[in-house]
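Structure record follows, encoded as structure tokens.
The values are calculated or read from the model by the stated rules, or taken from the named source; none is laboratory data. All values derive from a computational prediction rather than experimental measurement. Ideal geometry is used to build each Cβ from the backbone, glycine not excepted, and the neighbour counts take in all protein chains shown. For the accessible areas, the whole protein counts, side chains as well, though only heavy atoms, and no ligand, DNA or RNA atoms are used. Shrake-Rupley method; radii C 1.70, N 1.55, O 1.52, S 1.80 Å.
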Amino acid sequence: MIYKDENRPEYIRRLTEELPVLRARLRLSQDELARGVGISRQTLSLIETGKQSMSWVTFMAMIAFFGNNSKTRRDLISLGLLKS
């Protein structure tokens, strides 16, 4: 999928709002997801609570992580963050 630069903040907002749901669907702890995308658990916690914005690199890592799982791929498609 091609992500337009001017829409990046909106893409990040959508994914940030859905992170707890996506994690729960896969029954992952913050630590497990953080290790899976290459960030610290503390950083993930700050992102989920809205105290820190997700970087574009982290966004792309999360899209790859959740997009490669059949349980969460559909969620990303419905959010307009991934094409089918």
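Taking a point 7 Å out from the Cα of Lys71 in the direction of its Cβ, the residues of the stretch 19-41 whose backbone N falls within less than 17 Å of it are 19-37. Here the dipole of the chain is about 240 debye; that uses its Cα centre as origin and unit charges on the Cβ of Lys and Arg (positive) and Asp and Glu (negative).
The relative contact order of the chain, computed from alpha carbon pairs under 8 Å that lie at least 6 residues apart in sequence, is 31 percent.
By accessible area, using a 1.4 Å probe on protein heavy atoms only, the stretch 6-84 has 49% of its surface on carbon and sulfur. Normalised per residue, the accessible area of the stretch 1-74 is 61 Å², obtained with a 1.4 Å probe and no contribution from ligands, DNA or RNA. Going by a ≥ b ≥ c, the root eigenvalues of the Cα gyration tensor, does the chain fall in the rounded group (a/c under 1.5), the prolate group (a/b larger than b/c) or the oblate group? The shape class here is oblate.
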